[in-house]
1. Out of everything in segment 149-189 that is farther than 28 Å from Lys228 by Cα and of a type in the set (S, T, N, Q), what residue ends up being surrounded by the most Cβ atoms within 10 Å (Cβ to Cβ)?
2. Take segment 127-144 and flag every residue that is touching a Gly at 6+ places or on another chain (Cβ under 6 Å), within 23 Å of Pro190 (Cα to Cα) and not aliphatic (A, V, I, L, M).
3. Search segment 179-201 for residues that are more than 20 Å from Asp81 (Cα to Cα) and touching a residue at least 60 places away in the same chain (Cβ under 8 Å) and pair each with any residue that is of a type in the set (Phe, Trp, Tyr) and surrounded by fewer than 21 Cβ atoms within 10 Å (Cβ to Cβ) when their beta-carbon atoms are under 8 Å apart and the residues are at least 6 apart or on different chains.
4. What is the number of the single condition among (1) of a type outside the set (Asp, Glu); (2) outside any strand (DSSP E or B); (3) touching a Gly at 6+ places or on another chain (Cβ under 6 Å) that Ala17 does not meet?
5. Here are some conditions: (1) within 19 Å of Leu186 (Cα to Cα); (2) not in a loop (DSSP other than H, G, I, E, B). Gly35 meets all but one. Which one does it not meet?
6. Among the residues of segment 85-134 satisfying the criterion of being farther than 16 Å from Leu212 by Cα and assigned to a loop (DSSP other than H, G, I, E, B), which is modelled with the lowest pLDDT?
7. When you go through (1) in contact (Cβ under 8 Å) with a residue 60 or more places away in the chain; (2) of a type in the set (D, E, K, R); (3) closer than 27 Å to Lys143 by Cα one by one for Asp57, which number turns out not to apply?
8. Got a sec? Which helices (runs of 4 or more DSSP H) wholly within segment 215-284 have at least 3 residues that are within 23 Å of Val28 (Cα to Cα), modelled with pLDDT of 95 or more and among the acidic types (Asp, Glu)?
Amino acid sequence: MIPPSLQYLAVNGVRYAVFVAGDGPPLVLLHGFTGSSSTWHPHVARLAQARRVIAVDLLGHGGTTSPADPRRYAVERAVPDLLALLGQLGANTFALLGYSMGGRLALHVALAAPERVQALILESTSPGFLEAAERTARAQADKALAASIENEGIQAFVPRWEALPLFASQTYLPAAVRDQLRAQRLTNDPSGLANSLRGMGAGIMPSTWEHLGDLRMPVLLIAGALDKKYAAIAQAMAERASRAVTVIVAEAGHAVHIEQPDLFEETVIRFLAPELEDMHLEGDIAPMKE
């Protein structure tokens with residue numbers, strides 16, 4: 001395996017931090033809000049055995065630039081950034097995996113450049129809001145949250161973020177895992193996080209519900225059984241995307257890759273393995289036992 005490396009690439013006037021490991025067909029990884037490419041480091045050893053793993057720090061996160069203009073974070077700017085960045089890395093076609101916010105962006109990439117996305121994996125991802133009232137309410141909530149991040153600072157924001165009901169299942173993680181996750185979140189620039197919400201929050205990004213039927217590549221939808229909202233969303237998405245399969249992982253909440261890492265890796269690897277292309281994946285998966 002080619003040794004992992006952290007690279008910095010200039011794309012459309014901003015600097016992106018990119019973690020690259022392994023050799024073979026590219027697998028691009030997009031983290032969620034408050035995350036970074038380091039989110040995926042625990043999974044590199046297995047995923048990079050047969051793939052060239054490319055993990056990107058999204059705008060306002062990790063080592064990537066945090067532009068002062070929230071409009072620079074918009075999906076209409078972020079999608080061309082990613083496609084250009086991957087072109088610089090020679091990844092003209094690739095499998096694409098996105099978690100939460102990164103999953104929403106991955107959906108837009110797949111719809112904008114279907115000829116380049118060979119397979120799409122979405123973990124705990126929503127295509128957005130169908131109702132205008134819901135979109136407006138979420139946009140207002142994200143605007144208020146963005147202001148509080150800037151006014152109160154990252155040290156005050158992170159504990160509040162971790163206390164959201166969405167992450168309740170993470171309280172059962174080992175202390176070392178929770179400490180590492182918090183330390184990573186604290187490294188983010190508060191202005192970058194705030195502008196990410198303003199420019200690419202769930203209430204701002206255009207809904208892709210009506211376009212799910214346009215996806216022609218194989219699609220894997222992963223959600224945790226304890227995250228009932230996103231498990232239901234995954235099932236609803238599968239009804240609209242003709243080549244989608246859904247995997248609901250038991251004893252996992254919103255961040256399946258953190259709460260059930262072995263099962264997460266096994267599910268992704270099986271889905272991407274050409275010789276297992278026709279293997280039935282859909283359904284519930286129980287956690288592995290020692």
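The values are calculated or read from the model by the stated rules, or taken from the named source; none is laboratory data. This one's a predicted model, so the numbers in the text were calculated from it and none came from an experiment. A quick note on method: Cβ atoms are made from the backbone with ideal geometry, for glycine too, and the neighbour counts reach across all protein chains shown.
1. Residue satisfying both the conditions and the ranking: Asn188.
2. Keep residues of segment 127-144 that are touching a Gly at 6+ places or on another chain (Cβ under 6 Å), which gives 135, 138-139, 142.
Going one step further and asking which of them are within 23 Å of Pro190 (Cα to Cα), we end up with 138-139, 142.
Once the filter is applied, which keeps residues that are touching a Gly at 6+ places or on another chain (Cβ under 6 Å), within 23 Å of Pro190 (Cα to Cα) and not aliphatic (A, V, I, L, M), segment 127-144 yields Arg138, Asp142.
3. Qualifying pairs under 8 Å: Arg185/Trp161.
4. Of (1) of a type outside the set (Asp, Glu); (2) outside any strand (DSSP E or B); (3) touching a Gly at 6+ places or on another chain (Cβ under 6 Å), only one is false for Ala17: (2).
5. Of everything listed in (1) within 19 Å of Leu186 (Cα to Cα); (2) not in a loop (DSSP other than H, G, I, E, B), Gly35 misses just condition (2).
6. Glu131
7. Among (1) in contact (Cβ under 8 Å) with a residue 60 or more places away in the chain; (2) of a type in the set (D, E, K, R); (3) closer than 27 Å to Lys143 by Cα, the lone unmet condition for Asp57 is (1).
8. 261-272
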